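Structure first, commentary second.
Taken together, the values in this text are just the output of simple stated rules run on the coordinates, not laboratory data. Remember, it's a predicted structure, so these values are computed and weren't measured experimentally. When we count neighbours, we look across all protein chains shown, and the Cβ atoms used for this are built from the backbone with ideal geometry, even at glycine.
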Amino acid sequence: MIFWPNRYARFIQQSRAYPIALLELLLNGTPITNAALYSSSSPLTYVSATSSPTIILQGSLDPLVNANTQSLPLKNKLTTMGVANQYVLYNGLHHGDDWSPATYTDAFNKIQAFLTTNVH
């Protein structure tokens, strides 16, 4: 997950879920109290021309990872840096908990093809 302080702050106001409490414990605070650490925790910070090929699989209704503010910016930065990448959006699905066997099979096949093409 990619966390920007302002978006994460809104997210924690809406939910006090277990992963959020764990994240706050691991990062020693919230995005408001430790903004620098949250910003430095974003994968976007570390994308470079030497980053590994990356495939992103996502449900369009994912409540944890937002396509427009998280996955697509990562995909775009990978593309800008010349890193092989692929973005797969599964319309109408969440974070994987509602994926059918057919969806998982499709995801597996896409991962396998991506790795065959891009990892030597």
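Please report the orientation-averaged projected area of region 50-120, defined via the convex hull of its C-alpha atoms, in nm². Working shown, then result.
Details: hull surface 19.6 nm².
Average projection, Cα convex hull of region 50-120: 4.9 nm².
Rounded to the nearest 0.05, what FRET efficiency do A21 and Q112 have when you use their Cβ-Cβ distance and R0 = 25 Å?
Values: r = 36 Å, r/R0 = 1.44.
Using R0 = 25 Å, I get an efficiency of 0.10.
Take each of the peptides 24-31, 82-89, 100-107, average the number of other beta-carbon atoms within 10 Å over its residues, and list them starting from the highest. If you can, show how the numbers build up before the last one.
Numbers: 24-31: 14.0, 82-89: 16.0, 100-107: 11.8.
Answer by packing, highest mean first, reads 82-89, 24-31, 100-107.
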